[in-house]
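Contents: one structure, followed by commentary.
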Amino acid sequence: MHPEILHIGSLALRSYGLTLALSFFVGLWYVIKRSQRENVNVNLMINFAFVVIFAGLIGARLAFVLFHLGDFASDPLSAVNPFGAGGHFGIMGMNLYGGVLLSIISGYIYVRRKKQSLWHVFDIFAPTVALGIGITRIGCFLNGCCFGVPTDLPWCIHFPEGSIPFSQFGDTCLHPTQLYSSL
């Protein structure tokens, strides 16, 4: 488990953020190449990509905050403030399903407003959803979040002391659900 890839002064490059950004770049590259191959308006597809990326980030954060309202009760601004306690920079905590849901809704509205074929646009983007989840779930594994339940299967994972799974289950062997999702 490697939640932080490297430090530059007090700024940390986190594995989850890196894989999330990588998934966006790989997905955008795929969409551009496929749009060119199918003679589809590339600028329209790039704009669509940015709409769904930003909607996904907002939806993922919003869903996380809604599912963890108690954590933000004493300091509601911490739900959106990237300058956290302890000198950390960044907003930690996202929920995949909230991101996917708001991306689909925003993408649908964008495509309808641009009077494009919903199914054709979604067909071009569908592989990027699977690819993005596959890449980003590796970041979840490296981060130690989104872990599974105890198991005695031979491929189970022992998360290290200090990790979130260790704080809940100790040295118990857990399903590597992040890797299942990635596959």
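The values are calculated or read from the model by the stated rules, or taken from the named source; none is laboratory data. All values derive from a computational prediction rather than experimental measurement. All Cβ positions, glycine included, derive from the backbone under ideal geometry; neighbour counts span all protein chains shown. All accessible areas refer to the heavy atoms of the entire protein, side chains included, with ligands and DNA or RNA removed. Shrake-Rupley method; radii C 1.70, N 1.55, O 1.52, S 1.80 Å.
Placing a pseudo-label 7 Å from each Cα along the Cα-to-Cβ vector at residue 108 and residue 28 gives an inter-label distance of 2.6 nm. For residue 4, the residues whose modelled amide H falls within less than 5 Å of its own, excluding neighbours fewer than 5 places apart on the same chain, are 15.
In percent, rounded to a whole number, the relative contact order of the chain is 26, using alpha-carbon pairs under 8 Å and six or more apart.
Model label points for residue 118 and residue 13, set 7 angstrom from Cα along the Cα-to-Cβ axis, are 4.1 nm apart. Size descriptors for the chain (Cα atoms only): Rg and Dmax, in that order, 18.4, 54 Å. Note on region 36-145: dipole from Cβ charges, positive end direction compared against 127, 42, 57; the farthest Cα belongs to 42. Accessible surface comparison of 61, 113, 14, 37, probe 1.4 Å, protein chains only, largest first: the order is 113, 37, 14, 61.
Proximity of backbone amide H atoms, modeled 1.01 Å from N, is registered between residue 94 and no other residue at under 5 Å, excluding neighbours fewer than 5 places apart on the same chain. Between residue 81 and residue 167, the simple spin-label model (points 7 angstrom out along Cα→Cβ) gives 1.9 nm. For the pair residue 2 and residue 155, the difference between a 0.36 nm per residue extended length and the Cα-Cα distance amounts to 53.2 nm. Please work out whether region 131-170 counts as rounded, prolate or oblate from its C-alpha gyration tensor, where a ≥ b ≥ c are the square roots of the eigenvalues and a/c under 1.5 means rounded, while otherwise a/b larger than b/c means prolate and anything else oblate? It is oblate, given that a/c is not under 1.5 and a/b is not larger than b/c.
Helix content alone sets the calculated 222 nm mean residue ellipticity of the chain: runs of n ≥ 4 DSSP H residues at -39500 (n - 2.57) each, divided across all residues, give -19500 deg cm²/dmol.
Here the Karplus curve 6.51 cos²θ - 1.76 cosθ + 1.60, taken at θ = phi - 60°, turns the phi angles of region 65-70 into couplings of 4, 5, 7, 10, 3, x Hz, with x standing for Gly and Pro. Listed values for region 138-145 are Karplus-derived 3J(HN,Hα) couplings in whole Hz (6.51 cos²θ - 1.76 cosθ + 1.60, θ = phi - 60°), namely 5, x, 4, 4, 5, 7, x, 9, and x replaces Gly and Pro.
Solvent exposure of region 1-87 amounts to 63 Å² per residue of accessible area, where only protein heavy atoms count and the probe is 1.4 Å. List the relative contact order of region 86-183 as a percent without decimals, with contacts defined as Cα pairs under 8 Å and 6+ residues apart. So the answer I get is 24 percent. With 0.36 nm allotted per residue and the present C-alpha distance subtracted, the residue 41-residue 131 stretch has 30.2 nm of extension available. For region 157-171, putting each phi into the Karplus relation 6.51 cos²θ - 1.76 cosθ + 1.60 with θ = phi - 60° gives couplings of 10, 9, 7, x, 4, x, 7, 4, x, 5, 5, 9, 10, x, 8 Hz, in residue order, rounded to whole numbers and with x for Gly and Pro. Backbone amide hydrogens, once placed in the peptide plane, bring residue 12 within less than 5 Å of 89, excluding anything fewer than 5 places away on its chain. A simple charge model with +1 on the Cβ of Lys and Arg, -1 on the Cβ of Asp and Glu and nothing else charged puts the dipole of region 1-156 at about 720 debye relative to its Cα centre. Using a probe radius of 1.4 angstrom, the carbon and sulfur fraction of the accessible surface of region 1-144 is 69%.
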